[in-house]
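Written below as structure tokens is the structure these notes are about.
The values are calculated or read from the model by the stated rules, or taken from the named source; none is laboratory data. In this text the structure is predicted, and so the values were computed from the model without any measurement. Heads up, the Cβs are rebuilt from the backbone with ideal geometry, glycines too, and the neighbour counts pull from every protein chain shown.
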């Protein structure tokens, strides 16, 4: 007997959220995984891959970056079938707090760019 599983997909509103995050400098796959996890309490890497139509390495790289930033947590849970435990991930912080850290990083990059433009002006 086959198990029915619900696959979560991004809505048009979610896709717009992803576009905005990428425009401010967030890597596209990181933005997609972030928005996906903002819509679910927890998910396995395979669920993320299916819902976002991303390959395993793309999701792994995005999750590694997000873990380094302290945005996600992961836990090994027993598989529903026999075999290896699966890695379940969830946001470690509220989405607004993650957006605040993205805003801070974006502001720092913008300040650095403006300082370089001013410095370039000193050569004229």
Q.
If I ask for residues that are surrounded by fewer than 21 Cβ atoms within 10 Å (Cβ to Cβ) and touching a residue at least 24 places away in the same chain (Cβ under 8 Å), which ones from region 53-67 would you list?
A. 54, 58, 61, 65
(Q) Going by what's in this entry, would residue 65 be described as over 14 Å from the mean Cα position of the chain (by Cα) and either at pLDDT 90 or above or farther than 24 Å from residue 110 by Cβ (or both)? (A) no
Q: Please tell me if residue 121 is surrounded by 15 or more Cβ atoms within 10 Å (Cβ to Cβ) and out of contact with any strand residue (DSSP E or B) (no Cβ under 7 Å at 6 or more places or on another chain).
A: no
(Q) Just checking, does region 72-91 include any residue being under 19 Å from residue 19 (Cβ atoms) and either within 13 Å of the chain's Cα centre (by Cα) or surrounded by 16 or more Cβ atoms within 10 Å (Cβ to Cβ) (or both)? (A) no
Q: Kindly indicate which of 93, 99 is at pLDDT 95 or above and assigned to a helix (DSSP H, G or I).
A: 99
Q | Complete set of residues in region 35-44 that are in contact with a helix residue (DSSP H, G or I) (Cβ under 7 Å, 6 or more places away or on another chain) and crowded, with 19+ Cβ neighbours inside 10 Å | A | 35, 36, 43
Q) What tally of residues in region 82-102 results from selecting those that are under 26 Å from residue 64 (Cβ atoms) and free of Cβ contacts under 8 Å to residues at least 12 places away in the same chain? A) 8
